[in-house]
Amino acid sequence: MADNNSRLVYSTESGRIDEPAVVAPRPKGDGIVRIQRQTSGRKGKGVCLVTGVDLPDADLEKLAAELKKKCGCGGAVKEGVIEIQGDKRDLLKTLLEAKGLKVKLAGG
């Protein structure tokens, strides 16, 4: 009665069985960093999304920390996208261009 759709979730010998996390690779960008403002799904609070930065996760975290510090606000890194709280698009553009990145303001 082996079912292809079943899997082991608990063993009396080792306890709960965790599935190995599968990390999907991020899509390769076109070399242009895009800054977009978004408010949907955030209870009216605006954030700036910085996408298209081709850096490893550790360097992306460092860049996000530096941008948050220079903007004087909070933020996060989620799935390769840097989120900065507030409407700081112009400041983010000048900071990223100073690092030698090609930046475009996307969206409205």
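Within segment 78-108, the set of residues being over 13 Å from V53 (Cα atoms) and part of a strand (DSSP E or B) comprises I84, Q85, L105, A106. Scan segment 94-108 for residues that are open to solvent by less than 60 Å² (accessible area, probe 1.4 Å) and under 18 Å from G46 (Cα atoms) and the total you get is 1. For residues in segment 46-65 being charged (D, E, K, R) and part of a helix (DSSP H, G or I), which is most open to solvent (accessible area, probe 1.4 Å)? The extreme case among them is K62.
Residues in segment 91-107 that are among the β-branched types (V, I, T) and farther than 10 Å from R34 by Cα: T94 only. Looking at S14, S40, which one is farther than 26 Å from K68 by Cβ, at pLDDT 70 or above, of a type in the set (G, A, S) and loosely packed, with under 10 Cβ neighbours inside 10 Å? Result: S14 is the single residue among S14, S40 that is farther than 26 Å from K68 by Cβ, at pLDDT 70 or above, of a type in the set (G, A, S) and loosely packed, with under 10 Cβ neighbours inside 10 Å.
Is it true that some residue in segment 66-84 is under 11 Å from R34 (Cβ atoms) and open to solvent by 30 Å² or more (accessible area, probe 1.4 Å)? Yes: segment 66-84 contains one or more residues that are under 11 Å from R34 (Cβ atoms) and open to solvent by 30 Å² or more (accessible area, probe 1.4 Å).
The values are calculated or read from the model by the stated rules, or taken from the named source; none is laboratory data. Keep in mind the model is a prediction, meaning the values are calculated, not measured. So basically every Cβ, Gly included, is an ideal-geometry build from the backbone, and we count neighbours across all protein chains shown. Side chains are part of the model used for accessible areas, which takes the heavy atoms of the whole protein and leaves out ligands, DNA and RNA. Shrake-Rupley method; radii C 1.70, N 1.55, O 1.52, S 1.80 Å.
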